[in-house]
Amino acid sequence: MNKTNEITFEFKDVPSTWALCFCDDCPLHGECLRYMAGEHVPDDVTVGNAVYRSAYRNGECRHFKPRRIIRAAYGFENLFKEVKQKHYTLLREKVKAYLGSHGAYYRYNSGKRLLTPEQQQWILDLFAEYGYTKDLTFEHYRYVFDF
């Protein structure tokens, strides 16, 4: 475990398909979330996706991911509290389409997936297009590393 800006890094939060970096000679490794994840691989994890040394060329890494902590959100009930019935289905379908599918919508609603600040803003802007701007909040917020 490691604390960065008061957030505890836990390997269990790393997506299972995420490529890890072990290139300790890379000049970007101190700022890279992939390298940080690679530093925290538990002893019982023995295989997985990795970033190869060849990713770093001409002062840049093609897979560099800055260590960014975001205020992620989930849960849509608060957003729909004041929505008029004539807009409810339309707004819900537009949010589902934006998130990718019916299943994805429910994963974001339940917290199995978390909305990035950019996704949150897109959804809030959509509601604003229909005149809903007051007290728009998601149900839950968490500070997390942006994988």
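Cysteines of the chain lacking any other cysteine Cβ under 4.7 Å from their own Cβ: Cys21, Cys32, Cys61.
Charging the Cβ of each Asp and Glu at -1 and of each Lys and Arg at +1, and nothing else, the dipole of segment 22-83 about its Cα centre rounds to 320 debye.
Of the residues Ile69, Leu20, Thr133, the one whose Cα sits farthest towards the positive end of the charge dipole of the chain is Thr133 (charges of +1 on Lys and Arg Cβ, -1 on Asp and Glu Cβ, taken about the Cα centre). Per residue, the chain exposes 65 Å² of solvent-accessible protein surface, assessed with a 1.4 angstrom probe and all protein chains in place. Within the shell defined by Cβ-Cβ distances under 11 Å, the residues around Leu114 carry a net charge of +3, with Lys and Arg each +1 and Asp and Glu each -1. Please work out the FRET efficiency for the pair Arg68 and Asp135, using the Cβ-Cβ distance as r and a Förster radius of 41 Å; give the result to the nearest 0.05. For Arg68 and Asp135, the calculated efficiency is 0.90.
Rounded to the nearest 0.05, the FRET efficiency derived from the C-beta distance between Thr8 and Ser101 at R0 = 22 Å is 0.10. Using Cβ point charges alone (K and R +1, D and E -1), the dipole size of the chain about the Cα centre works out to roughly 520 debye. Ignoring ligands, DNA and RNA, what percent of the accessible area of the chain is carbon or sulfur (1.4 Å)? Whole-percent figure for carbon plus sulfur exposure: 46.
The label-point distance for Arg113 and Ala19, in a model that sets each label 7 Å from Cα toward Cβ, rounds to 2.2 nm. From its DSSP helices (H runs of at least four residues, each -39,500 (n - 2.57)), the chain gives a residue-normalised ellipticity at 222 nm of -9500 deg cm²/dmol.
With 0.36 nm allotted per residue and the present C-alpha distance subtracted, the Tyr143-Leu124 stretch has 4.9 nm of extension available. Taking a straight line from the alpha carbon of Lys12, these lysines sit under 23 Å away, with near neighbours fewer than eight places off in the same chain left out: Lys3, Lys65, Lys112.
The values are calculated or read from the model by the stated rules, or taken from the named source; none is laboratory data. These numbers were taken from a predicted model, which means no experiment stands behind them. Glycine gets a Cβ as well: all are built from the backbone with ideal geometry, and neighbour counts include every protein chain shown. Each accessible area value is taken on the protein alone, full model and side chains, heavy atoms only, with ligands, DNA and RNA left out. Shrake-Rupley method; radii C 1.70, N 1.55, O 1.52, S 1.80 Å.
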